[in-house]
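Below: the structure, in structure tokens.
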Amino acid sequence: MKKTVEYVDKQYKLLGSSVPLSFMLASRNTRRFPLLWFDEEKGENRALRYARNQKSPFEDEQDGNAILEPIIFDDGFLTVPKTNQVLQKFLEIHPSNGVKYATIDKAKEAKEIVEDLNVEVDALIAARELSIEQIEAVTRVAFGTDPSNITSAELRRDILLFAKQDPHAFLAVVGDASLQIDSKVQSFFDKSVLTFRNNKKEVFFNTPSNKKRMLTIPFGEDPLYVVSSYLQSDEGLDVLEFLEKVAETK
């Protein structure tokens, strides 16, 4: 059974944060402003031209009586009725499609909004269920802030706002397996158990019994990541245990 083609009205919108009140789209191929579409089957570029009284958007398929019309977006939008299939086809293959304008797909946009809202809800639920220790860990890692001088109510507020404003980033942080160790490393620096020297190129112990250099940060590497990686290595596990004990006394 032959599938019936459904013709529908289509709406298009200009892309970008700011759009002009009126925008005229290039509607014909000229030497100064080429408007071409590459035909994969023929292996050649074909000139485009919009003429409402023609059945094709290709100039080589049009007769000599083409009546040209401007294509104008008003307030960033253009509506093309189902009765104007040649313009819909023209806009579909126009080189500016996806660059200067796009077809409005209400079903797709609704799906994307639902997905974004679901992520936000998931993030808020995850934020609400965090323990105070986990909240402190996220605060250290995500904000680089020492939570010891902030009230629990303020911490919870900031975490909920973080989850609401940037849910994807929040879920990435709380889902990171290295969150706890990263938080500990940040706390070691907050409590001055470890210190940076030489523009964060070197890390030194800063305990009553040890003022020696712990490691050197390789050029271009993130200092906290390097320290975290070292403390999780076989060589650094004993150092981590030592630093945790010293930090407990601070």
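Here, each number is a calculation from the coordinates, and none is a lab measurement. The structure displayed is predicted, hence computed values, not measured ones. Reconstructed Cβ throughout: ideal geometry from the backbone, glycine too, with neighbour counts over all protein chains shown.
What is the distance in Å between the Cα centres of segment 10-35 and segment 46-81?
Centre-to-centre (Cα) distance: 13 Å.
Give me the Kirkwood hydrodynamic radius of the chain, using the inverse of the mean 1/r over all pairs of distinct Cα atoms, in Å to one decimal. Don't skip to the end; give the middle numbers.
Values: mean 1/r = 0.0417 Å⁻¹.
When all Cα pairs of the chain are included, the Kirkwood radius is 24.0 Å.
Sorting check: for 86-93, 64-71, which peptide has the highest mean count of neighbouring beta carbons within 10 Å, and how do the rest follow?
Values: 86-93: 18.4, 64-71: 10.9.
Packing order, densest peptide first, comes out as 86-93, 64-71.
List the residue ranges in the chain for DSSP H helices whose C-alpha atoms run 30 angstrom or more along the long axis and whose Kyte-Doolittle average is -1.0 or above. Before the final figure, lay out each step's value.
On the way: long enough: 106-128 (33 Å, -0.11).
Once both thresholds are applied, what remains is 106-128.
May I ask you to sort VAL141, VAL239 by Cβ crowding, counting other Cβ atoms within 10 Å and putting the fewest first?
Working: VAL141 22, VAL239 18.
Fewest-to-most ranking of VAL141, VAL239: VAL239, VAL141.
Could you tell me what fraction of 2.2 N^0.38 Å the Cα radius of gyration of segment 177-250 comes to, as a two-decimal ratio? Don't jump to the answer; show the numbers that get you there.
Working: Rg = 11.4 Å, N = 74, 2.2 N^0.38 = 11.3 Å.
Compared with the compact-globule rule of thumb, segment 177-250 sits at 1.01.
Once the convex hull of the C-alpha atoms of segment 116-174 is built, how many Å³ does it hold per residue, rounded to a whole number?
Numbers: hull volume 3.7 nm³, N = 59.
Spelled out: Cα convex hull of segment 116-174, divided by residues, is 62 Å³.
If the convex hull of the alpha-carbon atoms of segment 10-104 is projected onto planes in all directions, what is the mean projected area in square nanometres? If you can, show how the numbers build up before the last one.
On the way: hull surface 26.5 nm².
Its average projected convex-hull area is 6.6 nm².
By counting other Cβ atoms within 10 Å of each Cβ, how are TYR225, TYR101 ranked from fewest to most?
Values: TYR225 13, TYR101 23.
In increasing order of surrounding Cβ atoms, one gets TYR225, TYR101.
By the scheme Lys and Arg +1, Asp and Glu -1, what is the net charge of all other residues having a beta-carbon under 15 Å from that of GLN134?
Values: positive: ARG128, ARG140, ARG156, LYS184; negative: GLU129, GLU133, GLU136, ASP158, ASP176, ASP182.
Every neighbour counted, the sum reads -2.
I want to check the label-to-label distance for THR103 and ILE72. Put each point 7 Å from Cα in the C-beta direction and report it in nm to one decimal.
The two pseudo-label positions are separated by 2.5 nm.
With θ set to phi - 60° and the Karplus curve 6.51 cos²θ - 1.76 cosθ + 1.60, what are the ³J(HN,Hα) couplings of segment 56-67 in order, to the nearest whole Hz, using x for Gly and Pro?
Taking θ as phi minus 60°, the curve returns 10, x, 8, 4, 6, 10, 9, 8, x, 10, 4, 9 Hz for segment 56-67.
Using the 10 angstrom Cβ neighbour count as an exposure proxy, how do THR195, THR4, THR30 rank, fewest first?
Details: THR195 14, THR4 6, THR30 10.
Taking fewest neighbouring Cβ atoms as first place, the list is THR4, THR30, THR195.
Using modelled amide H (1.01 Å from N, peptide plane; none on Pro or chain starts), what sits under 5 Å from the amide H of MET214, excluding residues fewer than 5 places away?
VAL203, PHE204, PHE205
Starting from the Cα of LYS89, draw a straight line to each of the lysines and keep only those under 26 Å, dropping any in the same chain fewer than 8 residues away.
LYS2, LYS3, LYS10, LYS13, LYS42, LYS55, LYS100, LYS106, LYS108, LYS111
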